[in-house]
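Values in this text are rule-based calculations from the coordinates and carry no lab data. These figures come from a predicted structure and were not determined experimentally. A quick note on method: Cβ atoms are made from the backbone with ideal geometry, for glycine too, and the neighbour counts reach across all protein chains shown.
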Amino acid sequence: MIPSSDSMRARPGIPRVLRSLRIPMRDGLALHALVFLPRESRTPVPVVLQVTPYGIDSLYGTGARFAAPGHALARVDCRGRGASDGAFE
């Protein structure tokens with residue numbers, strides 16, 4: 001579960017978007033993430049995790065569709081792609 005954040009001004013129907021998050025890995029590298037959260041939620045919510053080599057800065061409509069019923073969508077660049085550390089193999 002990802003805790004929700006009050007860092008953005010409320011706009012009905014539009015999810016909160018957490019950009020440029022870094023997820024630390026055990027080997028010291030970090031993966032780059034983009035998270036869509038339901039705007040009105042103030043408690044942890046279920047998360048759908050998507051790890052992709054194709055870039056995470058698209059499909060904002062998909063993030064809104066997941067956030068509408070109260071879920072979060074976390075899009076993560078796999079190793080060596082986008083802004084994630086490491087080598088893509």
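Things worth noting here:
- All other residues whose Cβ lies under 9 angstrom from that of Phe88 are scored, Lys and Arg at +1 and Asp and Glu at -1, for a net of +1.
- Within the chain, helix-based [θ] at 222 nm, where runs of 4 or more DSSP H residues each add -39,500 (n - 2.57), nearest 500: -2500 deg cm²/dmol
- Residue-count net charge about Ala33 - beta-carbon cut-off 10 Å; Lys, Arg +1, Asp, Glu -1: +2
- Base-10 log of normalised Debye intensity for the stretch 39-89 (one unit scatterer per alpha-carbon) at q = 0.16, 0.18, 0.25, 0.29 Å⁻¹: -0.52, -0.62, -0.91, -1.05
- Calculated from backbone phi, Karplus (6.51, -1.76, 1.60) coupling profile of the stretch 66-82 in Hz, x at Gly/Pro: 6, 6, 4, x, x, 10, 10, 10, 10, 9, 10, 6, 6, 3, x, 10, x
- If both residues of a DSSP beta bridge must be in the chain, then about 65% of such bridges are antiparallel.
- Directionally averaged projected area (convex hull, Cα atoms, the chain), nm²: 5.8
- Phi-derived couplings, Karplus 6.51 cos²θ - 1.76 cosθ + 1.60 at θ = phi - 60°, listed residue by residue for the stretch 15-27: x, 6, 10, 9, 9, 6, 6, 10, 9, x, 9, 4, 8 Hz, with x used for Gly and Pro.
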